[in-house]
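A short reminder: the numbers here are calculations on the coordinates, not readings from a lab. What you see is a predicted model; the values in this text were computed from it and never measured. Backbone-built Cβ (ideal geometry, glycine too); neighbour counts: all protein chains shown.
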Amino acid sequence: MRVLLLNPPFTQGIIRDNYCCHTVKADYVWAPSDLLYISGILRGDAFELAVKDAVMEPESWERLLDFCRDWRPEVIISLTSSASYAEDFAGLERLKAGCGAKVFVIGNLPSFEPRRVLEACAWLDGILHNFLDVKLADFLLDPERPPRTISCRTADGDIHIGDVNGIDRADCPLDVPAPQHHLFPHAKYTTPLALARPQTTVLTATGCPYTCSFCIYSPLKLFTRSLDSLRREFDSCRDNGIKELYVVDPTFNADLRFMRQICELLIEEKHELSWACRIHPDRVSLEDFKLLKAAGCHTVQIGVESRNPDTLEVFAPSKQEQQIRRCFALAKEAGLRTLGYFIIGFPDETREQTLNTIDYAIELDPFFASFSNFMPLNGTASNRAAVESGRIADAFQTFDLNGIPVEFSGSALNGNSREELLRVAYRRFYVRPRQVLKYVRDYKNLPLYVKNGLHVLWHQVIN
Ligand code: SF4
């Protein structure tokens, strides 16, 4: 069976990966974990794969159509996202009409709104809710018995609805085959955090046990992978000359025992990979940060969100200021770089409260700061609450963490004010001698900082 794995083209740089999505602020694209793991699951004589990452290696829909007419895939598995669905769906419908392949999509919008998406898109054959479910291979060869992680049309014209958490417990920990790394343009992928190339993306677990209501990972149950499957994947990285990992687990320290085992594996088997990961500020110690560092981690990404305690209580109840300050201090003491994530424009925050969060970002003194718009992504509790209270319309709409802010009725700040505050945040954080000096001192990586810094300046401060 010929299967095309597609990250579709878009009008600008975009990340569609692991249920999240946003257009990009700087000059980076990382390897989409969804397609990587599906390439591993579809390994074997029964499948012939082609990978087109038309974001990393831009290709027009016309060129893709020519390719499909020529190569004749029987199945196309494509990423999509709430930031790009209108363009993605129009292009995929054309591909389907042009080559007759079955089309399946992966992404936050279809994953959490499967019935609506399948009803709205008569051309679409199905939705893959969980790309770590190895049952996909059997399903493609025998579509009569869809697993619980796939939504699709049935032979009698009905719709079978799947679930993001539909993995069978008997399959846990997940024994996911290593991706077919050689199919992806790893030499080209990078992130602003990466210190080496080629770089790939790794997912050691899916889902998050915390309950941040704005977050797409909160409704996803925590499924960890087997250590053996990670061992095989790290070996594949070594075989493919990969030097840098981007660990896209929502919370790498969600299962501390497992996190330590992974670090020990990397150390014992002398992988010498450098990497970055996201951690929750709640479960940290100096010893664990030192272990991360010894295993090759150079940067920890920490979700701070807001300084306002009322906001945290509603949207991120597991986070408090004291614990966050301690986390940044310990990470620095262990010699790790830090990246703080901050959200601008929580629906009921005032201008003063948002400015207070920007001050907080400066006080915490991370090596990098990332500011995003508040977005009520499909599938989150925040989306449900905003729809139920009538603050946003119950319709498909574009949700892009780095795009135009969504208007909430009755909000203290309108979209324009939130956009302006986002610019203020970037200007106040990055355009400071102290911050610039940090990058200059790290002169080995200065070209990377200059390249990304200029992008951020242009997109977030000037433009
Ligand atoms: S801790 Fe992070 S990943 Fe987990 S739900 Fe909260 S924001 Fe999402």
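How large is the helix-only mean residue ellipticity at 222 nm for the chain, computed as the sum of -39500 (n - 2.57) over DSSP H runs with n ≥ 4, divided by its residue count, in deg cm²/dmol to the nearest 500?
On the way: 16 runs with 166 residues, N = 463.
Mean residue ellipticity at 222 nm (helix-derived): -10500 deg cm²/dmol.
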So, R0 is 35 Å and r is the distance between the beta-carbons of R63 and E388; what FRET efficiency does that work out to, to 0.05?
0.20
Read phi for every residue in the range 168-179 and hand back ³J(HN,Hα) as whole Hz from Karplus 6.51 cos²θ - 1.76 cosθ + 1.60, θ = phi - 60°, with x for Gly and Pro.
6, 4, 4, 8, 9, x, 6, 9, 8, x, 5, x
The value for the chain (convex hull of the alpha-carbon atoms, volume per residue, Å³) is 135 Å³
FRET efficiency, 1/(1 + (r/R0)^6) with R0 41 Å, evaluated for D168 and E93 via beta carbons:
0.80
Using unit Cβ charges (K, R positive; D, E negative) and no other charged atoms, how large, in debye to the nearest 20, is the dipole of the range 252-323 about its Cα centre?
120 debye
Counting only backbone N atoms under 13 Å from a point 7 Å out along Cα-to-Cβ of F396, the residues of the range 65-105 in range are 80-94, 105
Just grab the label-to-label distance for R441 and D235, each label 7 Å out from Cα along the Cβ direction, in nm (one decimal).
4.2 nm
Shape box of the range 1-101 [Cα atoms, principal axes, largest first, Å]:
39, 27, 20
Dipole size in debye (nearest 20) for the chain around its Cα centre, Lys and Arg Cβ +1, Asp and Glu Cβ -1?
1380 debye
Residues listed by number, the range 167-209, amide nitrogen under 19 Å from A50 label point at 7 Å toward C-beta:
180-186
Relative contact order for the range 375-463: what is it in percent, counting Cα pairs under 8 Å that are at least 6 residues apart?
20 percent
Solitary cysteines of the chain, where the nearest other Cys Cβ is not under 4.7 Å
C20, C21, C121, C152, C172, C208, C237, C263, C277, C297, C327
For the range 181-462, build the charge dipole from Cβ charges (+1 Lys, Arg; -1 Asp, Glu) around the Cα centre, then report which of C327, Y430, Q301 sits farthest towards its positive end.
Y430
Under-5 Å amide H pairs with T149, H placed in peptide plane, nonlocal only:
D163
Positive-end residue of W275, A381, L5, charge dipole of the chain with Cβ unit charges
W275
Whole-angstrom gap from the range 245-318 to the range 167-240, using each part's C-alpha centre:
14 Å
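Short version: what are the Cα gyration tensor semi-axes of the range 228-288, square root of 5 times each eigenvalue, largest first, in whole Å?
22, 12, 10
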Those chymotrypsin sites (Phe, Trp or Tyr not before Pro) in the range 73-175 that DSSP places in a loop and that have at most 14 other beta carbons within 10 Å
W123
Estimated dipole of the range 1-118 in Debye, rounded to 20 [Cβ of Lys and Arg +1, of Asp and Glu -1, Cα centre]:
320 debye
Quick check on my link table: of K319/K451; K135/K221; K221/K293; K293/K444; K243/K293, which ones sit more than 25 Å apart, alpha carbon to alpha carbon?
K319/K451; K221/K293
Spelling it out for E305: with amide H atoms placed in the peptide plane at 1.01 Å from N, the residues 5 or more places away or on another chain with amide H under 5 Å from its amide H are Y341, F342, I343
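Any idea what the relative contact order of the range 181-462 is, in percent, if you count C-alpha pairs under 8 Å spaced at least 6 apart?
Relative contact order for the range 181-462 comes out at 15 percent.
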